1. Filter segment 1-51 for residues that are part of a helix (DSSP H, G or I) and touching a Gly at 6+ places or on another chain (Cβ under 8 Å); which is farthest from the ligand (Cβ to nearest atom)?
2. Do we find that N68 is away from the ligand (no atom under 16 Å from the Cβ) and without any contact (Cβ under 8 Å) to a residue 12 or more places away in the chain in this structure?
3. Of the residues that sit in segment 179-199 and are of a type in the set (A, V, I, L, M, F, W, C) and out of contact with any Cys (no Cβ under 9 Å at 6 or more places or on another chain), which one is surrounded by the fewest Cβ atoms within 10 Å (Cβ to Cβ)?
4. In segment 253-278, which residue that is modelled with pLDDT of 95 or more and among the charged types (D, E, K, R) is surrounded by the most Cβ atoms within 10 Å (Cβ to Cβ)?
5. Any residue at all in segment 163-170 that is crowded, with 18+ Cβ neighbours inside 10 Å, in a strand (DSSP E or B), more than 24 Å from the chain's Cα centre (by Cα) and in contact (Cβ under 8 Å) with a residue 12 or more places away in the chain?
6. What is the residue count in segment 57-73 for residues that are more than 18 Å from V297 (Cβ to Cβ) and either over 22 Å from the mean Cα position of the chain (by Cα) or aliphatic (A, V, I, L, M) (or both)?
7. Among the residues of segment 108-123 satisfying the criterion of being among the hydrophobic types (A, V, I, L, M, F, W, C) and assigned to a loop (DSSP other than H, G, I, E, B), which is surrounded by the most Cβ atoms within 10 Å (Cβ to Cβ)?
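The values are calculated or read from the model by the stated rules, or taken from the named source; none is laboratory data. All values derive from a computational prediction rather than experimental measurement. Note that each Cβ is placed from the backbone with ideal geometry, even for glycine, and that neighbours are counted across all protein chains shown.
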Amino acid sequence: MSKCDLCEKELGKNEYSLGGRNYHFSCGYETAFALKEAAVNYAFKMNSFVALGISLVNREFLLNLFSNNFRENETISATFNVGLWRTNSPSIIIKPPESPKFTKIRPVQGGVSIGNVNFPVAGTIGGVVIIENEFCILSSGRALAPENFELRDEVSQDAFFDGGNEKDIIGFLSSTALPVKGNSNTMDCAVAVVYEDVGVAGRIVRIGNIGNTAEPLLGMKVMKRGRTTDTTQGVIICTDATVSVIYPDGERIFRDQFIVAREKSNFALQGDEGSFVLNENKDVVGIILASSNDITVVSPIEPVLERFGARLLRV
Ligand SMILES: [Zn+2]
């Protein structure tokens, strides 16, 4: 019987590999995580860096380096060559949605257009949450709190960008968790209090009532409903990822994100940010941060809810 290279206990059927050594799942993940932490400070200084995280392919753990330039990849492979897997992937660039999209629905719920009424922006409502006994909507910081926002700015569903008008105003911006330049970011989110005379529901358009929250796991099948690309499916291919996102005024580095691969079509596009990502039980695992045509970067939901002192409305 072979033994785990980390804990030295017998492996049995719980056998995974990394860099030619064998581990239990959790021991292999722990080892990959430590390798990733050692490699990431080097990796995100590369011009071609897009993301670095942990992937699992045929029971083998790999550090998955997403890069927009294969030649620079060769440099890092010589430095960190233990289980390194290279994925060619375009940079993740923040852009406004391409065109307006009408998605108005009442009661207010997840999966539809939202925007700060003072700016030409639109994102997606993730869902309704409860903060200090008030109903709020949780969405992307870029939809609710674009540059030069002020707290108490009003928000509308649909966003004015999507054809909404003053009759569609549903509440006001109340709290933000926005990224800063540097590498300490974990989310780009904001919440808006919903006015008392506006109805809300703990559901997502075309998906239905949401379950609880759950941890994002490698290989998990997920779905979302967003303003731009509607209902789509994907699979989590990378966890504990450090990701570079190019904002109009410069790069932001995000830690502890997970990455969803496209299946039949793009999992998400511009305007889908803020959408909740759910597993097959309809438990919420994350909220969309940003996407390229290739991959979608998602922030795990539990730290986001914790940051706002929020819980999901589920009915
Ligand atoms: Zn072990």
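1. Filtering first and then ranking leaves K36.
2. For N68, the condition - away from the ligand (no atom under 16 Å from the Cβ) and without any contact (Cβ under 8 Å) to a residue 12 or more places away in the chain - is not met.
3. V180
4. E273
5. Checked segment 163-170: at least one residue is crowded, with 18+ Cβ neighbours inside 10 Å, in a strand (DSSP E or B), more than 24 Å from the chain's Cα centre (by Cα) and in contact (Cβ under 8 Å) with a residue 12 or more places away in the chain.
6. Total satisfying the criteria: 10.
7. By that ranking, first place goes to A122.
Yes/no matrix, rows are residues, columns are (1) among the polar types (S, T, N, Q); (2) crowded, with 19+ Cβ neighbours inside 10 Å; (3) in contact (Cβ under 8 Å) with a residue 60 or more places away in the chain:
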site	(1), (2), (3)
M220	no, yes, yes
M223	no, yes, no
T228	yes, yes, yes
I246	no, no, yes
